[in-house]
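One structure below.
The values are calculated or read from the model by the stated rules, or taken from the named source; none is laboratory data. Source: prediction; values computed, not measured. For neighbour counting, all protein chains shown are included, and Cβ atoms are generated from backbone atoms with ideal geometry for every residue, glycine included. Note: areas computed on protein heavy atoms with side chains; ligands, DNA, RNA excluded. Shrake-Rupley method; radii C 1.70, N 1.55, O 1.52, S 1.80 Å.
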Amino acid sequence: MSRDLKAIALFCGSNTGRGEAYREGAARLGAEIGRRGLTLVYGGTHKGLMGVVADAVLAQGGAVHGVITRRLADLGHLHEGLTRHEIVDGMRARKERMAELADGFVAMPGGIGTLEEFMEAWTLNQLGEFDKPAGLFDIEGYYQPFMGFIDHMIAQGFLPPAHRQGIVVEPDAARLVDGLVAFERVTVPKWL
């Protein structure tokens with residue numbers, strides 16, 4: 001199966017993290033998205049990894065669609081060089097709009113907001129609310145402790161084992177996007 005992937009919603013840190021690995025990974029992912037002619041949909045800021053990815057997409061001639069909250073825009077966080085941006089009333093509206101615009105989702109390293117946004121996308125796929133692939137860009141093994149917790153959920157009977165395959169987990173930007181394009185939604189029942 002090959003999906004028609006035109007736009008990827010990205011969740012990631014508004015900080016850059018420690019060291020250069022996360023910043024370099026963000027630049028690689030942005031360049032890959034731009035080279036493939038995909039649109040990046042993200043939180044619309046110039047801050048942290050979000051700004052690095054957006055700049056890398058734009059440097060490849062790609063399109064970047066920012067969806068930012070009014071509060072953050074009023075604080076001066078809007079990336080002024082975007083192809084397009086929208087200002088929405090709050091985080092719930094931002095997540096809904098990003099989900100409408102995207103054909104797939106990626107989470108890079110980030111904090112609790114990144115994880116919350118990604119988990120909502122994974123959950124909506126699991127429940128069959130939509131069929132849009134989701135992946136973790138696992139730079140420097142950032143998401144391995146999280147996947148260990150997912151394994152714990154499975155071991156304790158709270159998640160069917162097949163649902164571990166409900167996302168793409170990949171440390172390479174090109175293979176991550178390839179995985180989203182080839183992804184087939186897990187269709188085993190959620191209930192054990």
- Mind checking which residues of region 142-192 are touching a residue at least 60 places away in the same chain (Cβ under 8 Å), of a type in the set (A, V, I, L, M) and farther than 13 Å from ALA107 by Cβ? ALA173, ALA174, VAL177, VAL181, ALA182, VAL186
- Message: Can you say whether ALA31 is open to solvent by 10 Å² or more (accessible area, probe 1.4 Å) and modelled with pLDDT of 95 or more, as far as the supplied structure shows?
- Response: yes
- Message: Give all pairs with beta carbons closer than 6 Å in which a residue from region 7-26 that is on the phi < 0 side of the Ramachandran plot meets a residue that is open to solvent by 10 Å² or more (accessible area, probe 1.4 Å) and acidic (Asp, Glu); count only pairs at least 6 apart in sequence or on separate chains.
- Response: ALA7/ASP103; PHE11/GLU117; ALA21/GLU140
- Item | Filtered residues of region 158-177 (kept if surrounded by fewer than 16 Cβ atoms within 10 Å (Cβ to Cβ) and part of a helix (DSSP H, G or I)) | PRO161, ALA162, ARG164, GLN165, ALA174, ARG175
- Of all residues in region 14-28, count the ones that are farther than 18 Å from ARG175 by Cβ and either among the charged types (D, E, K, R) or surrounded by fewer than 21 Cβ atoms within 10 Å (Cβ to Cβ) (or both). 7
- Scan region 109-127 and give yes if some residue there is small (Gly, Ala, Ser), farther than 20 Å from PRO171 by Cα, under 14 Å from the mean Cα position of the chain (by Cα) and surrounded by 17 or more Cβ atoms within 10 Å (Cβ to Cβ), otherwise no. no
- If the Cβ limit is 6 Å and pairs must be 6+ apart or interchain, which residue in region 49-77 that is under 14 Å from ALA27 (Cα atoms) pairs with which residue that is open to solvent by 70 Å² or more (accessible area, probe 1.4 Å) and charged (D, E, K, R)? VAL52/ARG23; GLN60/ARG35
- Message: For region 119-142, which positions are more than 20 Å from GLY48 (Cβ to Cβ), part of a helix (DSSP H, G or I) and of a type in the set (D, E, K, R)?
- Response: GLU120
- Just give me the residues in region 46-64 being open to solvent by 10 Å² or more (accessible area, probe 1.4 Å) and closer than 21 Å to ALA99 by Cβ, in sequence order. MET50, GLY62, ALA63
